[in-house]
Amino acid sequence: MSINKLNISIGIVAYNESGSISKMLHSLFQQSLFNEPDSDMVVEIVVVSNGCTDDTAIVAKNTLKELINPSFHTNVHWRVCEIEQPGKSNAWNIYVHELSNPTADYLFLMDSDIQLLDPQTLRSMIHLLETRAEAWVAVDKPIKDVTLKENKTLMDRLSASVSELSGGKAVEGGAAWICGQLYCARAQAIRRIWLPTKLPTQDAFLYTMIVTDCLKAVKDPNRVILAKSASHVFEAYTSINRLLRHEKWLILGRTINELIYSEILADGNKQQDVGSLIKQRNEQDPLWLNKLIQAAIKEKGWWLISRFVLIRRFQSLLHKPPQKAVVLFPLATIAFLADLVLSFQANLEIHQGVEFGYWGKQAK
């Protein structure tokens, strides 16, 4: 093997996705990366089945055997790895630090229930990192499946409208947010990061670690860039209960992330490497996050949710054209009232989680 070959590792994290992972893998092999193999590139696919109680691993193995033609895909290697412990953060840590090719130049992380849309998506993300030295992570455009429907129901329209209240939208080649469903990172950058194994949401934590160089530098949004002609489709929440539950989980995740950042930036930890610190905490004390939240409650009192959560909907309107902001104002008001209720529920769940030691255990 030539030392000049580009090594790509694709990690697919799956939990009880036997019904969707085959379709996802078929969409993966519609990518030009696999239809037009490059002799100067070596690609590995690692499916990480974590704590599954269904046939996810078996379906993945059978599908990959079907899709990969050894005489054609001579540069493609694959594995399906089963780990007992459930939890996306734990699976992420194991893939990034143990299972992925140690000589990989770039690591893709993707969920097992998405559909890759543009056939150039993966190549475009790699190309961006190859040509934009300032970028550490390349992302694509996540598209809700309901936006592609010709005849949308009221809930479809509501689900699509909620996205309009998420702030400014990225443009191709510009700074963007990390969507945990699919992204490509420079191996040396992503391997400096370890996730707390009981982290509610990974996207915001990863984004912060990347743009601040693990909290060591001023935020640089240009470390995360939206690639050209890159997109995937995901299933949108189209029921009120699922939509509200998802929003509550995001509020809860943001709150816990902020507590972790404060802990990392505390005087006694400032000089330590953040990745090593979190890895050490994970290994030495499975209840460290639980204890951190307990300490925060003792210091801050009962209410832990940040003020930003309650004003974010109206702040997002500042990035919209005046006419668009006026149209969205009623929806922003309704979203604010929902956030208010969800914030109380999230705050209560954090306290209940501490009481039962939930933040020191893996979610199933």
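The values are calculated or read from the model by the stated rules, or taken from the named source; none is laboratory data. Computed from a predicted structure; not experimentally measured. So basically every Cβ, Gly included, is an ideal-geometry build from the backbone, and we count neighbours across all protein chains shown.
Summary of computed values
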| item | result |
| --- | --- |
| The listed residue being in contact (Cβ under 8 Å) with a residue 40 or more places away in the chain, of a type in the set (G, A, S), in the same structural domain as Q188 (by TED's automatic domain parsing) and not in a strand (DSSP E or B), out of S71, S89 | S89 |
| Extreme residue, farthest from I251 (Cα to Cα), among residues of the stretch 309-318 that are surrounded by 12 or more Cβ atoms within 10 Å (Cβ to Cβ) and of a type outside the set (D, E, K, R) | L317 |
| Single residue of the stretch 175-186 satisfying the filter (of a type in the set (A, V, I, L, M, F, W, C) and part of a strand (DSSP E or B)) that is nearest to the chain's Cα centre (by Cα) | L182 |
| Residue ID - nearest to the chain's Cα centre (by Cα), chosen from residues in the stretch 187-219 that are among the hydroxyl-bearing types (S, T, Y) and assigned to a helix (DSSP H, G or I) | Y207 |
| Filter result for N222 (at pLDDT 90 or above, in the same structural domain as V171 (by TED's automatic domain parsing) and either exposed (fewer than 12 other Cβ atoms within 10 Å of the Cβ) or part of a helix (DSSP H, G or I) (or both)) | yes |
| Tally, over the stretch 114-151, of residues that are more than 17 Å from C179 (Cα to Cα) and among the polar types (S, T, N, Q) | 4 |
| Tally, over the stretch 127-157, of residues that are basic (K, R) and assigned to a loop (DSSP other than H, G, I, E, B) | 3 |
| Any chance E283 is at pLDDT 90 or above, closer than 28 Å to Q352 by Cβ and either assigned by TED's automatic domain parsing to the domain that holds K198 or out of contact with any strand residue (DSSP E or B) (no Cβ under 7 Å at 6 or more places or on another chain) (or both) | yes |
| Flag for L252 being closer than 26 Å to L116 by Cβ, in contact (Cβ under 8 Å) with a residue 60 or more places away in the chain and not polar (S, T, N, Q) | no |
| Check on R79, out of contact with any His (no Cβ under 8 Å at 6 or more places or on another chain) and either in a helix (DSSP H, G or I) or surrounded by 14 or more Cβ atoms within 10 Å (Cβ to Cβ) (or both) | no |
| When residues of the stretch 92-107 are limited to those that are over 18 Å from the mean Cα position of the chain (by Cα) and part of a helix (DSSP H, G or I), the one surrounded by the most Cβ atoms within 10 Å (Cβ to Cβ) | L99 |
| Only listed residue being touching a Gly at 6+ places or on another chain (Cβ under 8 Å), β-branched (V, I, T) and surrounded by 11 or more Cβ atoms within 10 Å (Cβ to Cβ), chosen from I293, I305 | I293 |
| Every residue from the stretch 326-351 that is within 15 Å of T255 (Cβ to Cβ) and small (G, A, S) | S343, A346 |
| Check on I8, in contact (Cβ under 8 Å) with a residue 40 or more places away in the chain and not acidic (D, E) | yes |
| Odd one out for D40, checked against (1) of a type in the set (D, E); (2) surrounded by 18 or more Cβ atoms within 10 Å (Cβ to Cβ); (3) touching a Lys or Arg at 6+ places or on another chain (Cβ under 6 Å) | (2) |
| Any hit, the stretch 307-317, residues being under 19 Å from the mean Cα position of the chain (by Cα) and of a type in the set (S, T, Y) | no |
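Rundown of residues vs (1) crowded, with 21+ Cβ neighbours inside 10 Å; (2) among the hydrophobic types (A, V, I, L, M, F, W, C); (3) modelled with pLDDT under 95, yes/no style:
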{"residue": "K5", "(1), (2), (3)": "no, no, yes"}
{"residue": "S9", "(1), (2), (3)": "yes, no, no"}
{"residue": "Q31", "(1), (2), (3)": "no, no, no"}
{"residue": "E44", "(1), (2), (3)": "no, no, no"}
{"residue": "V59", "(1), (2), (3)": "yes, yes, no"}
{"residue": "S71", "(1), (2), (3)": "no, no, yes"}
{"residue": "T74", "(1), (2), (3)": "no, no, yes"}
{"residue": "E84", "(1), (2), (3)": "no, no, yes"}
